[in-house]
1. Only one of these conditions is not met by A:Val213: (1) exposed (fewer than 14 other Cβ atoms within 10 Å of the Cβ); (2) within 19 Å of the chain's Cα centre (by Cα); (3) at pLDDT below 90. Which number is it?
2. Restricting to region B:288-305, and then to whatever is more than 7 Å from chain A (Cβ to nearest Cβ) and β-branched (Val, Ile, Thr), can you tell me which residue is farthest from A:Glu243 (Cα to Cα)?
3. What are the residues in region B:232-287 that are of a type in the set (Gly, Ala, Ser), more than 7 Å from chain A (Cβ to nearest Cβ) and over 30 Å from A:Thr223 (Cβ atoms), if any?
4. When you scan region A:197-205, do you find a residue that is part of a helix (DSSP H, G or I), in contact (Cβ under 8 Å) with a residue 12 or more places away in the chain and not hydroxyl-bearing (Ser, Thr, Tyr), even just one?
5. For residues in region A:287-305 being surrounded by 14 or more Cβ atoms within 10 Å (Cβ to Cβ) and assigned to a helix (DSSP H, G or I), which is farthest from the other protein chains (Cβ to nearest Cβ)?
6. Return the pair list, or none, for Cβ contacts closer than 8 Å from residues in region A:135-163 that are facing chain B (nearest Cβ under 7 Å) to residues that are small (Gly, Ala, Ser) and in a helix (DSSP H, G or I), at least 6 apart or on different chains.
7. Looking only at region A:82-102, which residues are in contact (Cβ under 8 Å) with a residue 12 or more places away in the chain and either buried (at least 22 other Cβ atoms within 10 Å of the Cβ) or charged (D, E, K, R) (or both)?
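The values are calculated or read from the model by the stated rules, or taken from the named source; none is laboratory data. Keep in mind the model is a prediction, meaning the values are calculated, not measured. Positions of Cβ are generated from backbone atoms using ideal geometry, with glycine treated the same way; all protein chains shown enter the neighbour counts.
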Amino acid sequence: MIIRLGRTYYTLPLRLLAGGVLAVGLLAALVSTFYTIEAESQGVVLRFGRYLKTVEPGLRLKLPFGMDRVYPVPVRRQLKQEFGFATPGATNPDQYTDTREQELERSMVTGDLNAASVEWVVQYRIADPLAFLFAFRDPGHALRDLSESVMRTVIGDRTVDEVITVGRQEIEAEALERLRRQVAQYGLGVSIDQIQLKNVNPPAPVQASFNEVNQAQQERERTINLARGEYNKVVPRARGEAEERLRTAEGYAIRRINEAQGDAARFLALFAQYTNAPAVTRQRLYLETLEEVLPRLRGKIVVDETARQVLPLLQLQPAKPTP
Amino acid sequence: MKTFAPLVLLLTAALGLLLACGAFYTINETEQVIITQFGKPIGEPRTNAGLHLKLPFIHAVNRLEKRVLRWDGRPSEMPTKDKTYIVVDAFGRWRIRDPRQYFLRLRDERSAQSRLDDILGSEIRNAIARHELIEVIRSTRDREPALDTALVGTNETVTSRLYPIRKGRPLVEEEIFTNAAPKVAVFGVELLDVQFKRVNYNPSVAQRIYDRMISERQQIAERFRSEGAGEAAKITGQRQKDLQTIESEAYRRIQEIRGAADARASEIYAVAYNRSPEAAAFYRFLRTLEAYKAVLTNDTTLILTTDSAFFRLLKHADTPGLE
């Protein structure tokens, strides 16, 4: 084809042009026809904006030029949201908020009108991709709002001591149950797997006094243990010593009786002989005794019956030890 | 002229395509559409997703959200009935129920949000002012707190209790909802719910709360310390008592045992020595001799006269015998 512009004639390679346009169009169509769905996802396909089908992972075909649109939804991925803290490197934008917001997420009022700082994690998965995409705008944010509300409802029904120490498991269980109910009621299209409490603390300015309570508790145990130790140090010993003295006394008793019996037996035996010859036996015993006793004596003075007057001249002091 | 024929054809085709494009439009699953003719809504709102037809150029497509939307209130400070200043952050769910009404009254979402801000904001303020703080904190009326056994005292419980409520958080939320829902309904907006996300003390109140918590904890700590001292004193007392008991009981038993033994020995002696007058005399004799042995020791000086039974022979050789 030849066209004229002004005084110049141009030859247009019409076939070539048409062919080129067609080729580019085909290429574009080809490129926008194929798509892949990752292993962890399902794809929701809309044709002219209307829901057509949900496809499983793999290489798939669709109508080109925006007639079919595909929204991949990571249904098999374990997702989580963190409240009051943030693990760095998260890819899910709903997983955490900025630092200022975290501060607000943490602080709560308990049912005894005290304050507590609670950090927790919600583990969830997308269970119904259609509901997740079409029921709510920004379902991740909706879930964040709900879990904050639920956690405060649960914490608000408990004393600060329950929140910090004894009630943790119960709180997790009740929050999980409540959140599941709310999510089902909202039709968010997610299933909640777990709620885990992380750091649960009294507010920072109060922390020291909570520690003081712990210390006092330890101190109480220590004081009691010391007193018990003191008790254990003396009482069993005293028991043993009493036992010892008792045994000694029992020994004494046995000995006393045995001796008495021995003495009695000896006496009786002697007495039996004595009755046979009383006078001789008596003299013998007397002399034997003197014989035994007299040699031991330091001084023996034999005085005549008639010489009594010498007595005052004798030195009758007790013996002085010889140097 | 003939040379321009293909060009005209091309232009016509382009125009046709343009008209066709103007006649077709798509509605996404997430949208609903109001068709306006020169700004004036005509016909019913279209809510079914897919490909639709309209008059090109004359009809304009106004897309509105079909999904549930989020209202996120700004945190604002307000007093409760008991004049405590708290910061309340609430959220709500809403959707466009009557697109035509919505489109006429509000046009876009920004103005809808600001209307919701006004209405819900004031309803929340009203509700908070009508209730005491605890009513928006707690939710179940008859819950008994679990007690931290470590903190429970032996005599009385010092740890804090849950404050009683008459209504509780869900009822207050419902009150706000029932008051606000008709007010937003006139804009074609359906309010789905309103919930408190965060309720916190304002900073100056928080400081007072902290002070109270600290004093509460200190009181508990003091109790622990005094409990420890008390318990220790009890143990010390018990120790004294046990020691005295053990020692005195042992003493009593020992005296009993010794007494019994002495009595028994005495009896044995009496039986042996008392069997006849001769035996008694013999015993006296024997025992006197025994006593000599014991009394006359090596530091004794004995003055004997020749008159004595033993030495009589010194003077009187003719008299043998002692009698």
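1. So the condition that A:Val213 fails would be (1).
2. Initial filter on region B:288-305 (more than 7 Å from chain A (Cβ to nearest Cβ)): B:288, B:290-291, B:294-295.
From what is left, the residues that are β-branched (Val, Ile, Thr) are B:288, B:295.
Numbers: B:Thr288: 39, B:Val295: 37 Å.
If we take residues in region B:288-305 being more than 7 Å from chain A (Cβ to nearest Cβ) and β-branched (Val, Ile, Thr), then B:Thr288 is farthest from A:Glu243 (Cα to Cα).
3. So in region B:232-287, the residues of a type in the set (Gly, Ala, Ser) come out as B:232-233, B:237, B:248, B:250, B:259-261, B:263, B:265-266, B:270, B:272, B:276, B:279-281.
So of that shortlist, the ones also more than 7 Å from chain A (Cβ to nearest Cβ) come out as B:233, B:237, B:248, B:259, B:263, B:266, B:270, B:276, B:280-281.
Within region B:232-287, B:Gly259, B:Ala263, B:Ser266, B:Ala270, B:Ser276, B:Ala280, B:Ala281 meet the criteria.
4. As a first pass, look at region A:197-205 and keep what is part of a helix (DSSP H, G or I): A:204-205.
Then keep just the ones that are in contact (Cβ under 8 Å) with a residue 12 or more places away in the chain; that gives A:204.
Next, only the ones that are not hydroxyl-bearing (Ser, Thr, Tyr) stay: A:204.
Yes: one or more hits.
5. Top of the filtered list is A:Leu294.
6. A:Phe136/A:Ala142
7. Once the filter is applied, which keeps residues that are in contact (Cβ under 8 Å) with a residue 12 or more places away in the chain and either buried (at least 22 other Cβ atoms within 10 Å of the Cβ) or charged (D, E, K, R) (or both), region A:82-102 yields A:Glu82, A:Phe83, A:Gly84, A:Asp94.
Yes/no per residue for (1) touching a helix residue (DSSP H, G or I) at 6+ places or on another chain (Cβ under 6 Å); (2) at pLDDT 70 or above; (3) closer than 30 Å to B:Glu222 by Cα:
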{"position": "B:Ala150", "(1), (2), (3)": "no, no, yes"}
{"position": "B:Thr157", "(1), (2), (3)": "no, no, yes"}
{"position": "B:Tyr163", "(1), (2), (3)": "yes, yes, yes"}
{"position": "B:Gly168", "(1), (2), (3)": "no, yes, no"}
